[in-house]
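Student: One structure coming up, written as structure tokens, with questions to follow.
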Amino acid sequence: MDTITLALAKGRTAKDSIALLEKMDIFFKEFHEKSRKLVFHSTDKAVKLIFVKAVDVPTYVEKGAADIGIVGRDNILEAQADVYEMLDLGIGKCRFVVAGYADPDLKDKQKLMVASKYPTVTRNHFQKDNRSIDTIKLNGSVELAPLIGLADCIVDIVETGTTIDENGLTILEEIETISTRLIVNKASFATKTATIQDFINRLKETLE
Ligand code: PRP
């Protein structure tokens, strides 16, 4: 069997993803979330894990630096990477929303200023309704933007709703629900079909 290189997203779903892999009998003895190590080998040497920023997982997989990736659909949508999206892992469930102050005048504004870590998702969402916007790309703490007048509203992911609540914002629109997915490089799927298909089947069985 071929070795598979798996790009795993750092962050809040990493622990659950590793737990899923362990249920498939894939163990990374040296892995722990606080480690500064970036490459890990499974005890059976079948899987090489690269531990990367979530936003970069689709790129690693699209470019073939990784055969498969485990990452949130938010990052897949934003990257618009040319990869196969094969499985919903049922973890990391959250929603893409438009959030801001509950201000009735917002909908009458000619052009909204929207801050987001996801400018592509933001543009696509507002384009569907033919609404004119300017986007401001931020890299974190996006909820701050409406509070200090940098933007009229934000497009962001909401999991528990705590960040929105604690900053006095409300959800103005629901965009879509998202969760963690398994993605596959197209060329790898053609050249390592049996190994990747076997991995997918085992993951499916684990999820059932
Ligand atoms: C994400 C997201 C929200 C928050 C939502 O940010 O961008 O800010 O989590 O989670 P909640 O609904 O459970 O409060 P993250 O924690 O990744 O940090 P960041 O703002 O630095 O990107």
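Student: Check whether at least one residue in the range 146-160 is closer than 15 Å to ALA115 by Cα, open to solvent by 70 Å² or more (accessible area, probe 1.4 Å) and in contact (Cβ under 8 Å) with a residue 24 or more places away in the chain, and report yes or no.
Tutor: Checked against the condition, which is being closer than 15 Å to ALA115 by Cα, open to solvent by 70 Å² or more (accessible area, probe 1.4 Å) and in contact (Cβ under 8 Å) with a residue 24 or more places away in the chain, the range 146-160 yields at least one hit.
Student: For residues that are more than 6 Å from the ligand (Cβ to nearest atom) and assigned to a strand (DSSP E or B), scanning just the range 137-163, find the one that is farthest from GLY11 (Cα to Cα).
Tutor: CYS153
Student: With the condition kept exactly as written, say whether any residue in the range 119-130 is closer than 22 Å to LYS10 by Cβ, touching a residue at least 40 places away in the same chain (Cβ under 8 Å) and aliphatic (A, V, I, L, M).
Tutor: Yes, the range 119-130 has at least one match.
Student: Are any of the residues in the range 7-29 free of Cβ contacts under 8 Å to residues at least 40 places away in the same chain, open to solvent by 70 Å² or more (accessible area, probe 1.4 Å) and assigned to a helix (DSSP H, G or I)?
Tutor: yes
Student: Residues VAL155, VAL142, VAL114, VAL121: which one is in contact with a His (Cβ under 8 Å, 6 or more places away or on another chain) and closer than 28 Å to VAL83 by Cβ?
Tutor: Exactly one residue qualifies, and that residue is VAL155.
The values are calculated or read from the model by the stated rules, or taken from the named source; none is laboratory data. Every value quoted in this text rests on a predicted model; they were computed, and no experiment measured them. Cβ coordinates were reconstructed from backbone atoms using ideal geometry, including for glycine residues, and neighbour counts include every protein chain displayed. The protein model used for the area step is the full one, side chains on, heavy atoms only, and it has no ligands, DNA or RNA in it. Shrake-Rupley method; radii C 1.70, N 1.55, O 1.52, S 1.80 Å.
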